[in-house]
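The values are calculated or read from the model by the stated rules, or taken from the named source; none is laboratory data. Note that the structure is predicted; figures quoted are calculated from it, not measured. Positions of Cβ are generated from backbone atoms using ideal geometry, with glycine treated the same way; all protein chains shown enter the neighbour counts.
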Amino acid sequence: MKGSKQRGFTLLELIFSLAIATILALLSIPSFQQASGKNKADSITSSIYRQINFTRQTAIASNERVILCGHDKKQGCTSKNIESMIVFIDLNNDFLFDKEKEEILNSVTFAKGDYSIKWNRKLPLRYRSDGTISFPGSFIFCPQDKKNVQAIRRITVNRTGRAYIAKKHKKKGIVLSASGKEIHC
């Protein structure tokens, strides 16, 4: 068969193409991890925001004091290392959940991960029957990776009982504290 040409890749071309593909894949891994961290932060922030709104609405509807308690298995209600959140009517006005007298109205458990959630007050968030609170505060979502400041989130509850998710600073691209300073986890 004279004049027929073989078509295909040479071994050198194939190795070169695979090397480029590998380099591109390795370069995209950090940005994928950052995007994944931001999505996790947004999802958990939304869950906390929904719990806050549920607690406020329940206080108004029931005409009772209702608590939103950051919770962990070891300490019960806590302000640090929050693993879950529970909502209950505080019948005895002690800020604590009493299994024998009080009922959990709603709860959410957060998947274990490379992050922490904290409430910046010692006492749990308590709504009065008119939907207001005594002391404003913030829930802070912190990634364990200190370099990933883009994933820090803050949900603030003001005295009127309304919650809002902090917006990112326009120039810095990160969430700031209520006083305008960077949040350090």
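Say whether the condition of being farther than 16 Å from R50 by Cα, polar (S, T, N, Q), within 15 Å of the chain's Cα centre (by Cα) and not in a loop (DSSP other than H, G, I, E, B) is met by at least one residue in region 123-140. No, there is no match, as no residue in region 123-140 is farther than 16 Å from R50 by Cα, polar (S, T, N, Q), within 15 Å of the chain's Cα centre (by Cα) and not in a loop (DSSP other than H, G, I, E, B).
Among the residues making up region 19-78, those that are modelled with pLDDT of 80 or more, within 19 Å of the chain's Cα centre (by Cα), assigned to a helix (DSSP H, G or I) and of a type outside the set (A, V, I, L, M, F, W, C) are N39, K40, D42, S43, T45, S46, S47, Y49, R50, Q51, N53, T55. The set of residues in region 163-183 that are touching a strand residue (DSSP E or B) at 6+ places or on another chain (Cβ under 9 Å) and part of a loop (DSSP other than H, G, I, E, B) comprises A166, K167, H169, K172, I174, S177, A178, I183.
Regarding G113, is this residue in a loop (DSSP other than H, G, I, E, B), out of contact with any strand residue (DSSP E or B) (no Cβ under 6 Å at 6 or more places or on another chain) and surrounded by 17 or more Cβ atoms within 10 Å (Cβ to Cβ)? Spelling it out, it is not the case that G113 is in a loop (DSSP other than H, G, I, E, B), out of contact with any strand residue (DSSP E or B) (no Cβ under 6 Å at 6 or more places or on another chain) and surrounded by 17 or more Cβ atoms within 10 Å (Cβ to Cβ). Only residues that are out of contact with any Gly (no Cβ under 7 Å at 6 or more places or on another chain), over 21 Å from A41 (Cα atoms) and of a type in the set (F, W, Y) were counted across region 121-161, and they come to 1. In the set S138, S134, only one residue is within 21 Å of N39 (Cα to Cα) and among the polar types (S, T, N, Q); that residue is S138. Of the conditions (1) under 25 Å from the mean Cα position of the chain (by Cα); (2) closer than 19 Å to G131 by Cα; (3) modelled with pLDDT under 95; (4) among the aliphatic types (A, V, I, L, M), L91 satisfies every one except a single condition; which number is it? Only one criterion is unmet by L91, namely (1). All of R121, R126 fail the test of being of a type outside the set (A, V, I, L, M, F, W, C), in contact with an Asp or Glu (Cβ under 7 Å, 6 or more places away or on another chain) and surrounded by 14 or more Cβ atoms within 10 Å (Cβ to Cβ), apart from R126. Taking region 149-164 as the range and being surrounded by fewer than 19 Cβ atoms within 10 Å (Cβ to Cβ) and more than 17 Å from G70 (Cβ to Cβ) as the test, the residues that pass are V149, Q150, N158, R159, T160, R162, Y164.
The single condition among (1) out of contact with any strand residue (DSSP E or B) (no Cβ under 8 Å at 6 or more places or on another chain); (2) within 12 Å of P124 (Cα to Cα); (3) surrounded by 12 or more Cβ atoms within 10 Å (Cβ to Cβ); (4) not β-branched (V, I, T) that D94 does not satisfy is (3).
As a summary of the residue check, S79 satisfies the conditions (1) over 23 Å from K181 (Cβ atoms); (2) without any contact (Cβ under 8 Å) to a residue 60 or more places away in the chain; (3) small (G, A, S); (4) buried (at least 19 other Cβ atoms within 10 Å of the Cβ) except for the one numbered (1).
For beta carbons closer than 7 Å, sequence separation of 6+ or different chains, a first residue in region 122-142 that is farther than 17 Å from R65 by Cβ and a second that is charged (D, E, K, R) and buried (at least 22 other Cβ atoms within 10 Å of the Cβ), the qualifying pairs are F141/R153.
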